[in-house]
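Data first, discussion second: the structure below is written as structure tokens.
The values are calculated or read from the model by the stated rules, or taken from the named source; none is laboratory data. Please read these numbers as outputs of a predicted model, since none were measured by experiment. Counting neighbours? That spans all protein chains shown, and the Cβs are built from the backbone with ideal geometry, glycine included.
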Amino acid sequence: MGSIISSVLPFLIPAVIVIAVIVVLCSGYLKAPPDMAYLISGVGKKPRVLIGKAGIKIPFFERVDKLFLGAIQIDVKTSSSVPTAEFINVKVDSYVNVRVGQTDEMMALAAQNFLNSDRDTIGQKVRDLLEGNIREIVGQMNLTDMVSDRKAFSEKVQENAVPDLARFGLELISFNVQNFSDENGVINDLGIDNIEQIRKAAAIAKSDAQREIAIAEAENAKQSNEAKVKAAEEMAVRNNDLAIKKAQLKQEADTRQAQADAAAGIEAENQRKLRDVAATDANIAKAEREADLKQKQIQLKEYELDALVRKQADADKYAAEQKAAADLIKRQRDAEARAYEIEQEARAMKAKAEAEKYAAEQKAAGIAAVGEAEAAAIEKKAEAQKKMGEASIMEMYFDALPKIVANASAPLTNVDKITMYGEGNSAKLAGDVMKTADQITKAVSEATGIDLAQLLNSFIAKKEN
């Protein structure tokens, strides 16, 4: 046992050390979010800072503190009225955004003041500082300057607050004034005075504008009238020039029309002469064409008559040949059809004879099969009867006897009518039926080896005794 432990021990100790290291590393694993700084202190002189990344804290030797780095929104209001440079008491409502500085020095100052504090705690600590800066700037400015130029007021507050915030490791992101108010309604009166001044300036501007509009309208009317007169004069001159131009154009047009009419008359006469010559030439050409047409019609008629007679003869000959060929084909097909019918009738008669022969053979085979079946049944019954007592055999015999007689007389049921002549014929018929039944009984006795008559006599004797 000791040898086993000694052999395993060199491997066991490193494994335990490795496991311990892994456990320590896993328990000390840290990952800081982007808006939070993890300060790891305890081993080195300066704490290690993790922002948006992972790191390892050595358990039992190091500790982790958190510093919020995100923007902190603070609603800063003056808790009481603050007198301005004009000794007018006002209240200021502002909105401020601050955050921890991104440099190492400012982050170290912020860690000294706000370590492990949430945003609300930091905002509460800074609010009093910012309110003091606002009060200081309010006391330095006039009310009119603050209200009319909020940007200048905000810039002064930021200039005053940035150094104070930097001492805490914070930096100012934005400062916005939401509202100024006072208890005596001075700001409201300033607004009313401004409104009246604006109205006054607007009325003066409106009056000046109306006057300028009237002057401009009169000047426009004057210029419009002068333009109309000048336009009328120019129109009259142009109308006169237009009338003269129209007269000149009409004279030129009449002259050209007269020339055109004369030229048209001459051209019409020339055209008439040309039409007469063309008509004469056309009549001569027409007569020549009609004579040629008559000659061609005569030739065409002769050709048609010749073609008609020849084609008719050819058609009659072709029709006669086709009729003779058709008659020959018809007679051949009739002969073939008759021979086919005779052949089919012979085949049908042969098939019928073969069918009747097959039916007779099947009937004979059926009768033989029935006989063999009945014989086999009787043989089986005889074997059974040998095993049974005489009473049972007799009972079966008497049950089967009517069936034997009925089967013996069964052929008579197929006879429609029986005519007997002479006396004793009916008795003979009955005797034949009974004889047939007796023959069947003897055949059963021979097949089974049992003398039914002797068995019946002994059975009766037993009954009588």
> Quick one: is Asn116 within 18 Å of Pro34 (Cβ to Cβ), of a type in the set (S, T, N, Q) and either assigned to a helix (DSSP H, G or I) or within 60 Å of the chain's Cα centre (by Cα) (or both)?
Replying inline: no
> When you look at Ala201, is it modelled with pLDDT of 80 or more, outside the structural domain of Asp145 (by TED's automatic domain parsing) and surrounded by 10 or more Cβ atoms within 10 Å (Cβ to Cβ), yes or no?
Replying inline: no
> Which one of Gln312, Gln299, Gln322 is modelled with pLDDT under 80, in a helix (DSSP H, G or I) and not charged (D, E, K, R)?
Replying inline: Gln312
>> So for region 132-154 (the condition being under 19 Å from Gln102 (Cα atoms), in the same structural domain as Ile74 (by TED's automatic domain parsing), among the hydrophobic types (A, V, I, L, M, F, W, C) and in contact with a helix residue (DSSP H, G or I) (Cβ under 7 Å, 6 or more places away or on another chain)), does at least one residue qualify?
In response: no
>> Being hydroxyl-bearing (Ser, Thr, Tyr), part of a helix (DSSP H, G or I) and loosely packed, with under 15 Cβ neighbours inside 10 Å: is that true of Thr144 here?
In response: no
> Within region 84-106, can you find the residues that are surrounded by fewer than 19 Cβ atoms within 10 Å (Cβ to Cβ) and within 60 Å of the chain's Cα centre (by Cα)?
Replying inline: Asp93, Tyr95, Asn97, Gln102, Thr103
